[in-house]
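Asks: I have a structure here, written as structure tokens, and I will follow up with some questions on it.
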Amino acid sequence: MQVAEITSGRAVYWGTGRRKASVARVRLVPGEGKMTVNGKDGDLYFQFNPNYLGSIKAPLETLGLESEYDIVVKAEGGGLTGQADSIRLGVARALCQLDPDNRSPLKTEGYLTRDPRAKERKKYGLHKARKAPQYSKR
């Protein structure tokens, strides 16, 4: 068992998640299942959106640990969707650090796979990455 840091006798596990332009540094602290993102309550930060909140807590629910660990997050960049998905990856990685046996159930659910999709770059002569100017026949 690899412990990232021990604060006041409690083991704290770290995980870093990335998605699109967002990066989330996640800490799992033994507690009662609260979530704090950038100093705010997680429900308030993600505007009480059940999709975001369910996505973030999915790795913990897979292992049945949703009420045993608090999630403390420092999220940067991107929007709420990217941040929620990056937090989910960070939580899954921290759970693997907690116990290596957690890896296989999380992997089969796809929580340890980093989503490689990112914004396509804009090309010259086009309005956006693929949107072309209006065609004029005459």
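The values are calculated or read from the model by the stated rules, or taken from the named source; none is laboratory data. Owing to the predicted nature of the structure, the values given are computational and were not obtained by experimental measurement. All Cβ positions, glycine included, derive from the backbone under ideal geometry; neighbour counts span all protein chains shown. Quick note on the areas: whole protein, heavy atoms, side chains included, nothing else; ligands and nucleic acids left out. Shrake-Rupley method; radii C 1.70, N 1.55, O 1.52, S 1.80 Å.
Asks: If I fit a long axis through the Cα atoms of helix 80-98 and take the longest principal axis of the Cα atoms of the chain, what angle between them do I get, 0 to 90°, rounded to 10?
Replies: With rounding to tens, the tilt is 30 degrees.
Asks: While we're on this one: Run down the aspartates and glutamates and flag those whose C-alpha is under 17 Å from the C-alpha of Lys131, throwing out any fewer than 8 positions away in its chain.
Replies: Result set, ordered by chain and number: Glu120.
Asks: I would also like to ask the following. Set the bar at 31 Å for Cα to Cα. Now go through Lys34/Lys122; Lys20/Lys137; Lys57/Lys119; Lys57/Lys122 and name every pair that lies beyond it.
Replies: Numbers: Lys34/Lys122 41 Å; Lys20/Lys137 39 Å; Lys57/Lys119 26 Å; Lys57/Lys122 35 Å.
From the list (Lys34/Lys122; Lys20/Lys137; Lys57/Lys119; Lys57/Lys122), the Cα-Cα distance tops 31 Å for Lys34/Lys122; Lys20/Lys137; Lys57/Lys122.
Asks: Also, quick follow-up: Calculate what fraction, in whole %, of the accessible area of the chain sits on carbon and sulfur atoms when a 1.4 Å probe is rolled over the protein chains.
Replies: Values: 4230 of 8610 Å².
Whole-percent figure for carbon plus sulfur exposure: 49.
Asks: Still on this structure, I have one more. Report the label-to-label distance for Lys123 and Asp101 in nanometres (one decimal), using points 7 Å from each Cα along the Cα→Cβ vector.
Replies: The modelled label-to-label distance comes out at 5.3 nm.
Asks: Right, here's the next one. Considering the alpha-carbon set of the chain alone, what are its Rg and its Dmax in angstrom?
Replies: Just the Cα atoms of the chain yield Rg and Dmax of 18.5, 77 Å.
Asks: Can I ask one more? Counting DSSP beta bridges in segment 1-124, what percent are antiparallel, to the nearest 5? All intermediate terms of the calculation are to be shown ahead of the outcome.
Replies: Numbers: 20 of 23 bridges.
Counting DSSP beta bridges with both partners in segment 1-124, the antiparallel share is about 85 percent.
Asks: Does anyone have the angle between helix 50-63 and the longest principal axis of the chain? Alpha-carbon axes, 0 to 90°, nearest 10?
Replies: 40 degrees
Asks: With runs of 4+ DSSP H residues as the only contributors, calculate the mean residue ellipticity of the chain at 222 nm using -39,500 (n - 2.57) per run, divided by the residue total and rounded to the nearest 500.
Replies: Details: 4 runs with 44 residues, N = 138.
It comes out at -9500 deg cm²/dmol, rounded to the nearest 500.
Asks: If the only charges are +1 at each Lys and Arg Cβ and -1 at each Asp and Glu Cβ, what is the size of the charge dipole of segment 1-106 around the Cα centre, to the nearest 20 debye? Display every interim value, and only then the final one.
Replies: On the way: 13 positive and 12 negative charges, 92 e Å.
Around 440 debye, computed over segment 1-106.
Asks: Oh, and also: Using packing as a proxy for protection, rank 49-61, 12-24 so that the peptide with the highest average count of other Cβ atoms within 10 Å comes first. Intermediate results must be reported in sequence, preceding the final value.
Replies: Details: 49-61: 17.2, 12-24: 20.2.
Peptide ranking by packing, descending: 12-24, 49-61.
Asks: Report the charge-dipole magnitude of segment 59-138 in Debye, nearest 20, computed about the Cα centre from +1 at each Lys and Arg Cβ and -1 at each Asp and Glu Cβ.
Replies: My answer is approximately 1460 debye.
Asks: Now for a different question. With a 1.4 Å probe and all protein chains left in place, how much accessible area per residue does the chain have, in Å²? It would help to have the intermediate numbers written out before the result.
Replies: Values: 8610 Å² over 138 residues.
Heavy-atom SASA per residue in the chain reads 62 Å².
Asks: Separate question: Hey, if you put +1 on the Cβ of every Lys and Arg and -1 on every Asp and Glu Cβ in segment 1-120, which of Leu60, Thr113, Ala11 ends up farthest toward the positive end of that dipole?
Replies: The one lying farthest along the dipole's positive direction is Thr113.
Asks: Mean-square fluctuation check for the chain, GNM, Cα pairs under 10 Å: which of Gln97, Gln47, Gln83 is largest?
Replies: Checking each option, the largest mean-square fluctuation is seen for Gln47.
Asks: A further question on this structure: Run the quick spin-label model on Gln134 and Gln47: label points 7 Å from Cα toward the beta carbon, then report their separation in nm to one decimal.
Replies: Calculated label separation equals 3.2 nm.
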